[in-house]
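These notes are about the structure you will find just below.
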Amino acid sequence: MTKRSPIEIRPLSPAVGAEVVGLDLSQPIDGESFGRLVQAFTDHCLLVFPAQQLEPAAQWSFGCLWGEPLVVPYLAPHAVTGFPGILRVPNMGKAETLTENWHFDSAFFEEPPPIAILAAQELPPIGGDTMWSNMYRAYEALSPAMQLLLGQVRAAFTGTRVDDGERRDVVTMHPVVRIHPVTGKRALAIGRIESVPHLEGMTPDESRPIIEFLYRHVARPEFVHRHHWRRGDVVMWDNRCLLHYAVHDYGDAPRLLHRMTVLGAPCT
Ligand SMILES: [Fe+2]
């Protein structure tokens with residue numbers, strides 16, 4: 001009789017997220033367990049692995065199971081020593097924080113990266129939660145007429161790139177409704193008006209109320225899981241069907257996460 005994979009998948013909310021119990025990410029993962037992780041990731045879009053205390057080498061090995069790691073040369077000063085694909089995410093202070101709003105990462109890339117993996121290193125005594133919202137649900141909750149309209153529209157996503165030391169403002173057009181390449185399901189893709197200033201082919205006056213409506217819509221509590229970080233947590237999520245929001249309510253308290261970004265479809 002083959003030994004059953006020992007891991008347990010516990011959903012965290014109806015909309016998004018599951019906790020994976022019984023797995024040590026610093027050890028090799030057998031094929032059956034990895035297959036269950038892939039299925040859970042597809043089903044829940046966000047996986048939480050508690051009590052891992054993951055070292056950079058182990059985070060790197062785990063991330064490589066899911067695809068090719070993203071290494072951005074201009075972010076090298078922020079990388080963990082010896083691991084150019086693992087970035088340090090410290091407390092920058094509330095005023096400098098760019099992620100305290102609903103967004104998907106690297107939205108101004110031609111192909112925004114699909115998977116992010118965060119490993120908690122140091123946490124404030126209280127606060128610093130991260131929220132994720134399920135964009136399949138957000139799309140499905142729209143009226144058929146709004147789905148039809150948005151299905152034909154692209155939005156302008158703005159950001160800043162650094163090429164050869166030069167900072168450059170970039171605008172990239174993406175569909176407001178994207179089709180997930182693995183599940184084939186439709187998901188909303190939007191951000192706040194400051195980073196998504198208009199919809200293609202519409203005037204600013206026409207675009208603005210739609211973008212602002214969608215930005216309120218994606219934050220509906222029934223789409224959201226709010227994660228309270230615990231010591232040693234590792235969290236991975238699908239950037240193609242979730243938005244996230246980093247709550248900065250912890251003042252000057254130290255907080256450090258290690259972040260790895262993975263390109264490409266999950267391995268099977
Ligand atoms: Fe982010």
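No lab work stands behind these numbers, since they all come straight from the coordinates. The model shown is predicted, which means the values in this text are computed figures rather than measured ones. When we count neighbours, we look across all protein chains shown, and the Cβ atoms used for this are built from the backbone with ideal geometry, even at glycine.
Distance between the C-alpha centers of segment 36-84 and segment 193-252? Whole Å please.
After rounding, the separation between the Cα centres reads 22 Å.
Note down the relative contact order for the chain as a percent, whole number, built from C-alpha pairs under 8 angstrom at least six residues apart.
Values: 553 pairs, mean separation 92.7, N = 268.
Relative contact order, the chain: 35 percent.
Points 7 angstrom from Cα along the Cβ direction at residue 170 and residue 94: gap in nanometres?
Here the modelled spin labels are 3.1 nm apart.
Along the charge dipole of segment 144-268, pointing to its positive end and built from +1/-1 on Cβ of Lys, Arg, Asp and Glu, which listed residue (217, 181, 148) has its Cα farthest out?
Checking the options against the dipole of segment 144-268, the answer is 181.
Whole percent per 10 Å bin, from 0 to the bin with the longest distance: what is P(r) over all C-alpha pairs of segment 135-217?
Once binned at 10 Å, the Cα pair distances of segment 135-217 give 17, 47, 26, 9, 1.
Simple spin-label model, 7 Å along Cα-to-Cβ: residue 27 to residue 149 in nm?
Each label point is offset 7 Å from its Cα along the Cβ direction, giving 5.4 nm.
Please report the base-10 log of the normalised intensity I(q)/I(0) for the chain, using a Debye sum with one equal scatterer per alpha carbon and no solvent, at each q in 0.08, 0.09, 0.10, 0.14 (1/Å).
-0.33, -0.41, -0.52, -1.03
In nanometres, what is the gap between the two model label sites at residue 202 and residue 163, each 7 Å from Cα along Cα-to-Cβ?
The two pseudo-label positions are separated by 3.0 nm.
Counting only other residues whose beta carbon sits under 11 Å from that of residue 51, what net charge do I get with K and R as +1, D and E as -1?
That sum, taken over residues with Cβ under 11 Å, equals -1.
For the peptides 178-185, 94-101, 126-133, 161-168, what is the packing order when you average, over each peptide's residues, the other Cβ atoms within 10 Å and list the highest mean first?
126-133, 178-185, 94-101, 161-168
Select from 45, 241, 64 the residue whose mean-square fluctuation is largest in a Gaussian network model of the chain (Cα-Cα springs shorter than 10 Å).
Top of the fluctuation ranking is 64.
If each DSSP helix of 4+ residues adds -39,500 (n - 2.57) and the sum is divided by the residues in the chain, what number results at 222 nm, nearest 500 deg cm²/dmol? Provide the component values of the computation, followed by the final result.
Details: 5 runs with 50 residues, N = 268.
Theoretical 222 nm ellipticity from helices: -5500 deg cm²/dmol.
Limiting things to C-alpha atoms, what are the Rg and the maximum Cα-Cα separation (Dmax) for segment 106-149, in angstroms?
Gyration radius and largest Cα-Cα distance of segment 106-149: 16.4, 46 Å.
Where nothing but the Cβ of Lys and Arg (+1) and of Asp and Glu (-1) is charged, how large is the charge dipole of the chain around its Cα centre, in debye to the nearest 20? Provide the component values of the computation, followed by the final result.
Working: 24 positive and 30 negative charges, 104 e Å.
Roughly 500 debye for the chain.
Given a Förster radius of 45 Å and the C-beta distance between residue 212 and residue 51 as r, what FRET efficiency does 1/(1 + (r/R0)^6) yield to the nearest 0.05?
FRET efficiency, residue 212 to residue 51: 0.65.
Most fluctuating residue of 189, 79, 145 in a GNM of the chain with Cα springs under 10 Å: which is it?
Comparing 189, 79, 145 in the GNM, the peak value goes to 145.
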